[in-house]
Number of protein chains: 2
Amino acid sequence: MSVVPTSGPAAAPGAGDLFQLLRDGQPRTRAELAQVTGLARSTITQRVDALLAAGLIAPIGGTARTGGRPAARFAWNTASRVVLAVDLGATHMSVALTDLGGSVLAETTVGMSIADGPVAVLDRVAVAASEMLEEADQPELAGIGVGIPGPVEHATGKPTNPPIMPGWDAFDVPGHLGKTFDTTILVDNDVNLMALGEHSRQWSSHEHVLFVKVATGIGSGIIADGSLDRGAQGSAGDLGHVRVASTTAEEIVCRCGNTGCLEAIAAGPAIAARLRDAGGTAETLQDIVDAVRGGDVAAVHAVRQAGRDIGSVLATCVSLLNPSIIVLGGKLAEAGEFLLAGVREVVYQRSLPLATTGLQIVTSKTGIEAGVLGASAMVIDSVLAPEAVDAYVQRSRT
Amino acid sequence: MSVVPTSGPAAAPGAGDLFQLLRDGQPRTRAELAQVTGLARSTITQRVDALLAAGLIAPIGGTARTGGRPAARFAWNTASRVVLAVDLGATHMSVALTDLGGSVLAETTVGMSIADGPVAVLDRVAVAASEMLEEADQPELAGIGVGIPGPVEHATGKPTNPPIMPGWDAFDVPGHLGKTFDTTILVDNDVNLMALGEHSRQWSSHEHVLFVKVATGIGSGIIADGSLDRGAQGSAGDLGHVRVASTTAEEIVCRCGNTGCLEAIAAGPAIAARLRDAGGTAETLQDIVDAVRGGDVAAVHAVRQAGRDIGSVLATCVSLLNPSIIVLGGKLAEAGEFLLAGVREVVYQRSLPLATTGLQIVTSKTGIEAGVLGASAMVIDSVLAPEAVDAYVQRSRT
């Protein structure tokens, strides 16, 4: 519910709403904006002026002729502010600078260990981010988005019992980074942000998306009705320890203490172990991908079977969520068609026909950038929401 | 995105937003409304007058003393309009009249067959509803909500390939009822509406709810971030044909053509068949419930095992959706603790510990009324949304 004043001495009422129209990137004249919104021309002029003053829109070259007179066109100015996007993994971090359109302006990836704890890791983030901001021409920071490899209480930005992150439980990530950066700081689970990144950059026409990361672990991010579904504790999408329905699954013990978990059967370490058992040498995810790409039959077979096992869990997800697209990401998605074929085989066999009629199953297009793109998209969605734009416009005037 | 004029000659800008505040049922004075919203006193007076004129709020008995002067208090007037709520099953229909608070004013259940097709069934709905409206004092109809036992494209109100409803595919339900009733007509899947009914009446403090109907079939309705998740084709929540992970499940053939489907293993007909195989006489859902309540050991055992099988699928749903509550409804939920115990046993064993830390698993409190309560709630949510109230207030003035 939003009950906010719609008028006041210094306000530009509705500038935020008007701005949403221009976020499609299409330049428009004042007359066109008046026509689309049904607002009075004087109101449009007032709001356009406010957005211009705040730098959020800019006049663009060329004019349109309306009734013989040349009229200025305005478009969204994605360069007016920048966003810092941080993707923390178990053994490395990526820090990127994007514009308000989500385009990456600069990016760096450095090794670190998430197990060093939040203060050490976030201080390294702050150093890398500060350097990046200094090197950039653009000084005004709209916000910072951070992805971490564990469940997060999104409202507070605090990790909740993350299994591979000693010292991070309930740590105030925004509070700590806030000592260095006075801006909006939002935190989410890394797979949620990969889902958001892939969705915002590649599949924004889909309202219901299931993004599945297949790497050292297996997890997913759920887009429902166009936005992330994080669940009650922020653990929604956590598929790694779902039980696989197969006659042999029960014999496989998982590090979580249960048997038959998807991760213990179909994630990278399980595939690598199977290949080693068969006389191979695969240790890492890259080894598996290389072997598949090199045509190693055992690797192709193992990855395809992992696809089937993942597919048997995704079939349930399809019946439950009825997405219009499943996107497979994470390192093992680089094994491409073989993983995809296994997943498709079982999903189309086991899901409701109605739910698979229009279902696409594809591999990620944003690849390793999905995480930072999602961290950026999360911040952009927040700072360019109508009320946030109204507040920004008002601050710009004072 | 909403870009609507916020002012105009006959508008009461923001009356709809102000009204949302009063929907908690708490009476408030103009001064209190001004304080909560930060709006000018003159603006509050204008909006309160508009809502009073439209009948949506009413002065209530007693006054508050503010600064020595008695001040009138206003509250939401749930009696200002009525909602028709229709719940269509395979063999019966329930038609109810509710107020805008969702309280049932009148209700009737009549036998019919959904297989008679949409024209015959909806014409019977129209007759029953017209009689009910005539008998009621209150003539103004806010809208009609209809639940049907199959997937629905919610935006158009058209069923999509409903398996047990010959003749209903893509039938324009709102269009047909609209010939008799000139009002808002919304249609949804029956289990979605049961979820909405149970959520709105009993668990509205929970933002993430999984409602599971266990009867002749098994289905679910998903509340995520406080609203229904219907999926891309309206089939979200359809759990009946999800594969059960057990060593014997694979041998059980389902009417859908697959093996090991939850419905073929744990729904009413499967339980009844198992009881008959063991020498019992159970035919109907009621027979099963009666046998359990009568302490029949075979029935208790079968229902508990059905609970375990349902639980094995719900464990995956819990990991995927991270709800804070699972509500078991439908006829078999009347078998109470035995079904619940089976579900709990497996969900707590197989779901992620983080996702079950705060998880409640309970049986439905609204019982057989869940469907009509949900149909009513769907209409109320729509006709009392801020923009809808603004439009209604404006119409009331002209």
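Some notes on this structure:
- Yes/no for A:ILE218 being touching a residue at least 40 places away in the same chain (Cβ under 8 Å), over 30 Å from B:SER235 (Cα atoms) and within 18 Å of the chain's Cα centre (by Cα): no
- Residues that are small (Gly, Ala, Ser) and part of a strand (DSSP E or B) within segment B:146-174 comprise just one, B:GLY147.
- Unmet requirement for A:GLY143, which otherwise passes all of (1) at pLDDT 95 or above; (2) under 27 Å from A:THR216 (Cα atoms): (2)
- Boolean, A:PRO174 is away from every other protein chain (no Cβ under 12 Å), crowded, with 17+ Cβ neighbours inside 10 Å, of a type outside the set (D, E, K, R) and more than 28 Å from A:ARG350 (Cα to Cα): yes
- For segment A:222-238, residues that are in a loop (DSSP other than H, G, I, E, B) and more than 9 Å from every other protein chain (Cβ to nearest Cβ) total 1.
- Single condition B:VAL313 does not satisfy, out of (1) within 14 Å of chain A (Cβ to nearest Cβ); (2) surrounded by 20 or more Cβ atoms within 10 Å (Cβ to Cβ); (3) not in a helix (DSSP H, G or I): (3)
- Restricted to segment B:201-221, and to residues there that are more than 9 Å from chain A (Cβ to nearest Cβ) and of a type in the set (S, T, N, Q), the residue that is surrounded by the most Cβ atoms within 10 Å (Cβ to Cβ) is B:THR216.
- Residue match in segment A:127-137 (condition: among the hydroxyl-bearing types (Ser, Thr, Tyr) and under 21 Å from the mean Cα position of the chain (by Cα)): no
Residue-by-condition table, conditions (1) buried (at least 24 other Cβ atoms within 10 Å of the Cβ); (2) part of a helix (DSSP H, G or I); (3) in contact (Cβ under 8 Å) with a residue 24 or more places away in the chain:
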{"site": "B:SER319", "(1), (2), (3)": "yes, yes, yes"}
{"site": "B:PRO323", "(1), (2), (3)": "yes, no, yes"}
{"site": "B:VAL327", "(1), (2), (3)": "yes, no, yes"}
{"site": "B:PHE338", "(1), (2), (3)": "no, yes, yes"}
{"site": "B:VAL346", "(1), (2), (3)": "no, yes, yes"}
{"site": "B:GLY358", "(1), (2), (3)": "no, no, yes"}
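- All positions within segment A:175-221 that are part of a loop (DSSP other than H, G, I, E, B) and not assigned by TED's automatic domain parsing to the domain that holds A:SER235: A:LYS179, A:THR180, A:PHE181, A:ASP182, A:THR183
- Any chance A:GLU198 is in contact (Cβ under 8 Å) with a residue 40 or more places away in the chain and either surrounded by fewer than 18 Cβ atoms within 10 Å (Cβ to Cβ) or within 8 Å of chain B (Cβ to nearest Cβ) (or both): no
- Number of positions in segment B:360-398 that are within 12 Å of the chain's Cα centre (by Cα) and part of a helix (DSSP H, G or I): 15
- Among (1) at pLDDT below 95; (2) outside the structural domain of A:MET93 (by TED's automatic domain parsing), the one test that A:THR156 misses: (2)
- Lone unmet requirement of (1) crowded, with 24+ Cβ neighbours inside 10 Å; (2) touching a helix residue (DSSP H, G or I) at 6+ places or on another chain (Cβ under 7 Å) for B:ARG308: (1)
- For B:ASN192, the conditions (1) more than 21 Å from B:ILE368 (Cα to Cα); (2) within 12 Å of the chain's Cα centre (by Cα) are fulfilled apart from (1).
- Note on segment B:122-166: residues that are within 13 Å of chain A (Cβ to nearest Cβ) and closer than 30 Å to B:ALA54 by Cβ amount to 2.
- Residue within segment B:248-256 that is without any contact (Cβ under 8 Å) to a residue 60 or more places away in the chain, in contact with a Ser or Thr (Cβ under 7 Å, 6 or more places away or on another chain) and either assigned by TED's automatic domain parsing to the domain that holds B:PRO149 or assigned to a loop (DSSP other than H, G, I, E, B) (or both) present: yes
- Verdict on A:HIS241 being under 16 Å from the mean Cα position of the chain (by Cα), within 9 Å of another protein chain (Cβ to nearest Cβ) and outside any helix (DSSP H, G or I): no
- Test: residue in segment A:122-132 that is loosely packed, with under 15 Cβ neighbours inside 10 Å and of a type in the set (Val, Ile, Thr): yes
- Every condition in (1) free of Cβ contacts under 8 Å to residues at least 24 places away in the same chain; (2) in a helix (DSSP H, G or I); (3) of a type in the set (A, V, I, L, M) holds for A:ALA282 except the one numbered (2).
The values are calculated or read from the model by the stated rules, or taken from the named source; none is laboratory data. Everything numeric in this text was worked out from a predicted model, so none of it was measured. All Cβ positions, even for glycine, are placed from backbone atoms using ideal geometry, and neighbour counts span all protein chains on display.
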